[in-house]
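I have placed the structure first, in the form of structure tokens, so that the comments after it can refer back to it.
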Amino acid sequence: MGWQLIRQRLMRDTVQARPLWVLPALAAVVGLGACSSGGNISLGKSQVADPATVDFPVFYVKRQVPVNADGTLQQDDLRIMRTIVPPADLFMRASASASASETNITARITAGQLWDVKDVDTSADGTKVIFAMRGPLTKNQQTKNPPSWRIYEYVIKTDNLHVVINPASDPDPPTVNDVSPHYLPDGRIVFSSTRQTGEQAILLDEGKPQFSAQDEARQEPAFVVEVMNADGTGVHQISFNQSHDRDATVLASGRVLWSRWDNAPGKDAMSLYSANPDGTDLELYYGANSHMTGTNNTVVEFVQPREMQDGRIMALMRQYTDVDDGGDLVIIDGIHYAENTQPLAANSTLTGPAQTRATANNVLTIPGPSPGGRFSSAYPLRDGTGRILISWSQCRLLDQTQTPPAIVPCTATGLAQPTPQVALPLYSVWMFDPKADTMQPIMQPAEGVMISDVAVAQPRALPNIILDKVPGVDLDQNLVDANVGVIDIRSVYDIDGVDTAQPNIAAVADPTKTPPNMRPVRFVRLEKAVSIPDKTVVDLSGAAFGATNYMMEILGYAPIEPDGSVRLEVPANVAFRLSVLDGNARRTVPVQGVWLQVKAGEIVSCNGCHRPAGPNGKSHGRAGEFASAWAGAAGGAPFPHSLATFTPNAGETMAEARMRVSCVNDSPPCAQMQPSVNVSYTDVWTDPAAATPGTPILYSYTDTNNPIPAVPTTAVCATAWSASCRIIINYPQHLQPLWDAARPDPADATVSHTCSQGGCHNPLDAAGAAQMPAGNLDLTKAASPAVPQELVSYQQLLFPHNIVIVDPTDPTKTITQSVGPYLNAGSANGGLSAQFFSRFAPGSGSTHAGWMNIAELRLVSEWLDIGAQYFNNPFDPAVPVN
């Protein structure tokens, strides 16, 4: 049967009064699975007992249901963190009982004013509550303006409520926002913030002004994970994402777990990540390949993670927005799985699923009515019962046949209507008991009132304390002094634990079986996201980005060793990614589309690379997912047919053996681990008595034999790399001069050519008469008719454009034809880009063969690979602005 509902008195509140079919606060509810006629929900067995069996204070946020001008719900959006929907207060009940007294904790501050409250959590000893609060707010408060979100703490025994960071001594401006606080076991507090303390320090190193960088959607400043002392001092950043890191919590292991918005180019999902409290050992925890697990295999995000007593993770599974501020509760077995159907290597026989619904409710994760209602928040108890305190709203519809429209429960008939209209949600506090299969109301739902952010001040076991790593003890002091960490890759040929080298890694590493010049991959490139300010700092025009909606810098290059191994220094505390390149320094495989980070002195190791996400994709980035496909050296003897310069220890890769020797013999130590702005290769491995060594490679910006018109890095970085070195490529400054440069004809040095002048790629011939540019491509630096803030050459290289030609079927008429583009933004090895480079290849027979030198072609290649942006420096004086 369906809901057994009792007609109650009309519920009234401060917003408006409406008729409502309500669930009685303490009366019988439904039988689980008893809906035989399309009933709207499964809740639990009949239950009449008072659920007051949790004799600890319960906390929650109570607010008016936020509505738009037309009375519809003001939908939240997981991607917007600064949203305010006042009025709200933090309340406490003495216990999880419907008869318990209720106290407004924040009224002493909020009374008579508009404030907002969210993100409630409690300390492990059950004595303190921490949350985010914002106010007082004006009626039409702009989210970007102060007052901003701040962290508050409430001490239960002393009834003391205070802000954690003293405003009088706060070093950051009042526009920064702090949310999602949680207690670390050592008494410190981990939280999400727009302070970006570490990133702003890096901005100074880059010679830029300090600002809070926007998220990658450029909607608001990015929230990242920070840690502070209990008194609000010592704030420092531990995560370096370019979009939001939110909902931090602490696992029993002592590690921090949070929801990360992966919004790097080609990504857009919220998955679970974890790290040590000092930010070391950052890794994906769960979800990168489990997002298509919502209703009818639709996309969902994973937010609000909390560890249950048995070690599994409870999370809210929902879409970004338009789901009535809620979703479904899911229990994730992250102990044995990295994804829903991908076990860790130690549990390879398991098939999943790793995630199961917390309740039997038929909760839909897509917009529209959800028969099983929706959950707004949840808090697992740690008393051995497995119970969960939840904020839940039943499914309700508006019956438009009544005047005025009446709120009615979701029935099979109502849900079957062509366009059922969802009523405003009725989130209230319930206790779910999975063993008894029941849900019991803790408080009477009230129309127009929303209860969320539930938490229980129940003492629990203190999580393990993970001490911050100490320079000179746990971290290499030399690396710390240089502000770098180390990336160690066993082999780029190891793809998801499979040796993909042909015929295998050992054969590719042996110069007698694979000549060095024939190795398919030769270099790695470190690429860094550019922090974008909001328009109050620089009001960038869309033309500043051009073909790509982001900006990118290059940190440096390093050679890949013959076995595919890499061990190199990378700047600390920046978001970066790796690209694997061929001998022309062009990307060979899709870029690894997540941001990596290292702390100063940290060494981050991985087995290899991974397939892109997709139907056959594998999740990666978590320890224990795959066994290494490359065993490394047998030990005690040189690698086959290599010099004895770098005799390996057992199990070492070539990169590890080379760097171990370099760190002892080179000056400065470990010089071989430093990247360079130059693309350079010298064969240090091949024994010439056994095979021909590889041909040296040097693509240098400062090679006098291969000059380029404008160098995209500093003179210091061109000769000595450091953590602050950047390659910044702006099209007008670095690419346009290539088309404008005078070039001697390779066949006749007395003849000079200029791509953008004379009878070439110019709408005027040498005599100044109008002509069709060669190849229908105008490479001049005139303003583009399509985008006046960009050069016409940029637009025509990367976008289609129209030309007018004589109709081949009727010479008296003309027709408009679309031509271009001629390059692939994001890929130097793409089809169009490959055709472009083939025209300049020596010996190709092309009319352009040899006209561009190797340094110029390298510049074009890297610019294309990172996205072919118009500018990659938001503070360049020439950058297009609004």
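How large is the helix-only mean residue ellipticity at 222 nm for the chain, computed as the sum of -39500 (n - 2.57) over DSSP H runs with n ≥ 4, divided by its residue count, in deg cm²/dmol to the nearest 500? Before the final figure, lay out each step's value.
Numbers: 11 runs with 76 residues, N = 882.
Rounded to the nearest 500, the figure is -2000 deg cm²/dmol.
Counting Lys and Arg as +1 and Asp and Glu as -1, what is the net charge of the other residues whose Cβ lies under 15 Å from the Cβ of residue 205? Mind showing how you got there, number by number?
Details: positive: 208, 528, 726; negative: 199, 206, 481, 553.
Value of the local net charge: -1.
Taking R0 as 51 Å, what's the FRET efficiency between residue 336 and residue 812 from their Cβ-Cβ distance, rounded to 0.05? Walk me through the intermediate numbers first.
Values: r = 76 Å, r/R0 = 1.48.
With a Förster radius of 51 Å, E is 0.10.
Need one number for segment 679-814: average projected area of the convex hull over its C-alpha atoms, nm².
15.0
Which value in nm describes the separation of the simple spin-label points at residue 155 and residue 401, placed 7 Å from the Cα toward the beta carbon?
6.1
Test of understanding: what is the full-extension gain from residue 299 to residue 281, defined as 0.36 nm times their sequence separation minus their Cα-Cα distance?
Working: separation 18, 0.36 × 18 = 6.48 nm, distance 2.82 nm.
Length gained, residue 299 through residue 281: 3.7 nm.
So for segment 73-160, averaging the separation of alpha carbon pairs under 8 Å that are six or more residues apart and normalising by length, what relative contact order in percent results? Intermediate results must be reported in sequence, preceding the final value.
Numbers: 120 pairs, mean separation 19.8, N = 88.
Taking the mean separation of contacting Cα pairs over the length of segment 73-160, I get 23 percent.
Would you kindly give the portion of the calculated P(r) for segment 769-882 that falls above 20 Å, as a percent of all Cα pairs? Don't skip to the answer; put the middle values down first.
Details: 3376 of 6441 pairs.
Within segment 769-882, distances greater than 20 Å cover 52 percent of Cα pairs.
With θ taken as phi - 60° and the coefficients 6.51, -1.76 and 1.60, list the Karplus ³J(HN,Hα) couplings across segment 741-752 in order, rounded to whole Hz; mark glycine and proline as x.
These are the phi-based 3J(HN,Hα) values: 6, 6, 10, x, 5, x, 8, 8, 5, 7, 9, 10 Hz.
If you find the alpha carbon centre of segment 182-246 and of segment 384-426, how far apart are they in angstrom?
40
Once you place label points 7 Å from the Cα toward the Cβ at residue 764 and residue 292, how far apart are they in nm?
Label-label distance for residue 764 and residue 292, simple model: 5.5 nm.
Take the Cα gyration tensor of segment 91-229, multiply each eigenvalue by 5, square-root it, and list the three semi-axes largest first, rounded to whole angstrom. Walk me through the numbers on the way to the answer.
Working: eigenvalues 184, 68, 32 Å².
Over the Cα atoms of segment 91-229, the ellipsoid semi-axes are 30, 19, 13 Å.
Rounded to the nearest 10 Å², what accessible area does residue 620 have for a 1.4 Å probe in the complete protein model?
So the heavy atoms of residue 620 present about 50 Å² to solvent.
Which FRET efficiency value, to the nearest 0.05, do you get for residue 229 and residue 461 by plugging their Cβ-Cβ distance into 1/(1 + (r/R0)^6) with R0 = 25 Å?
Here the calculated transfer efficiency is 0.60.
Counting only protein heavy atoms, what percent of the accessible surface of the chain is carbon or sulfur at a 1.4 Å probe? Mind dumping the intermediate values first?
Numbers: 18740 of 34180 Å².
Roughly 55 percent, rounded to a whole number.
How much accessible area does residue 152 have with a 1.4 Å probe, in Å² rounded to the nearest 10?
Looks like 30 Å² after rounding.
Using only the Cα atoms of segment 721-799, build the gyration tensor, take square roots of its eigenvalues as a ≥ b ≥ c, and label the shape rounded, prolate or oblate: rounded if a/c is under 1.5, else prolate if a/b is larger than b/c, else oblate.
It is oblate, given that a/c is not under 1.5 and a/b is not larger than b/c.
With a 1.4 Å probe and all protein chains kept in place, how much accessible area does residue 465 have, in Å² rounded to the nearest 10?
Probe radius 1.4 Å; accessible area of residue 465 about 80 Å².
Among [x] 92, 74, 60; [y] 98, 81, 58; [z] 98, 78, 54, which is the computed Cα extents along the principal axes in Å?
The value matching this structure is [y].
For residue 74 and residue 848, calculate 0.36 nm times their separation in residues minus their Cα-Cα distance, and state this gained length in nm to one decimal.
Working: separation 774, 0.36 × 774 = 278.64 nm, distance 5.96 nm.
Extra length from residue 74 to residue 848 when fully extended: 272.7 nm.
Using only the Cα atoms, what convex hull volume per residue in Å³ does segment 254-313 have?
Working: hull volume 5.8 nm³, N = 60.
Measuring per residue, one finds 96 Å³ for the Cα hull of segment 254-313.
With the other protein chains left in place, how much accessible area per residue, in square angstrom, belongs to segment 477-539 at a 1.4 angstrom probe? Each step should come with its number before you reach the end.
Details: 2360 Å² over 63 residues.
For segment 477-539, the per-residue accessible area is 37 Å².
Using heavy-atom solvent-accessible surface (probe 1.4 Å) with all chains present, what is the largest-first order of 488, 703?
Details: 488 5, 703 30 Å².
From most accessible down to least: 703, 488.
Work out how much length residue 204 to residue 724 would gain on full extension: take 0.36 nm times their residue separation and subtract the Cα-Cα distance, in nm to one decimal. Don't jump to the answer; show the numbers that get you there.
Working: separation 520, 0.36 × 520 = 187.20 nm, distance 0.98 nm.
Going from the current span to full extension adds 186.2 nm.
Using only alpha carbon positions, build the gyration tensor of segment 326-479, then give the equivalent ellipsoid semi-axes as the square roots of 5 times its eigenvalues, largest first, whole angstrom. Intermediate values should be presented prior to the final figure.
Numbers: eigenvalues 325, 83, 55 Å².
Output for segment 326-479: semi-axes of 40, 20, 17 Å.
Let me have the relative contact order for the chain, percent, based on Cα pairs under 8 Å that are six or more residues apart. Each step should come with its number before you reach the end.
On the way: 2172 pairs, mean separation 88.6, N = 882.
In percent, rounded to a whole number, it is 10.
Can you give the FRET efficiency for residue 819 and residue 175, using 1/(1 + (r/R0)^6), R0 = 41 Å, r = Cβ-Cβ distance, to the nearest 0.05?
On the way: r = 48 Å, r/R0 = 1.16.
E(calc), rounded to 0.05, equals 0.30.
Roughly how many whole Å is it from the C-alpha centroid of segment 781-832 to that of segment 278-318?
Taking the Cα centre of segment 278-318 as reference, the centre of segment 781-832 is 45 Å away.
Could you pull the Cα extents of segment 229-272 along its three principal axes, largest to smallest, in whole Å?
39, 24, 12
Two decimals is fine: what is log10 I(q)/I(0) at q = 0.12, 0.14, 0.15 Å⁻¹ for segment 512-648, from a Debye sum with one equal scatterer on every Cα and no solvent?
Debye curve over Cα of segment 512-648, log10 I(q)/I(0) at q = 0.12, 0.14, 0.15 Å⁻¹: -0.65, -0.86, -0.96.
Spin-label point model (7 Å from Cα, Cβ direction): what's the residue 715 to residue 541 distance in nm?
Computed distance between label sites residue 715 and residue 541 equals 3.3 nm.
Evaluate the charge dipole of the chain about its Cα centre and quote only its size in Debye, nearest 20, assuming +1 on the Cβ of each Lys and Arg and -1 on the Cβ of each Asp and Glu.
Values: 60 positive and 85 negative charges, 354 e Å.
The dipole of the chain has a size of about 1700 debye.
Let's see if you can work this out: charge +1 on each Lys and Arg Cβ, -1 on each Asp and Glu Cβ, no other charges. What is the dipole magnitude of segment 761-882 about its Cα centre, in debye to the nearest 20? Mind dumping the intermediate values first?
On the way: 4 positive and 9 negative charges, 22 e Å.
The calculated dipole for segment 761-882 is roughly 100 debye.
The values are calculated or read from the model by the stated rules, or taken from the named source; none is laboratory data. Keep in mind that this is a model prediction, so the values were computed, not measured. Glycine also receives a Cβ, built like all others from the backbone with ideal geometry; neighbour counts cover every protein chain displayed. We work out accessible area using only protein heavy atoms, side chains counted, and drop any ligands, DNA or RNA first. Shrake-Rupley method; radii C 1.70, N 1.55, O 1.52, S 1.80 Å.
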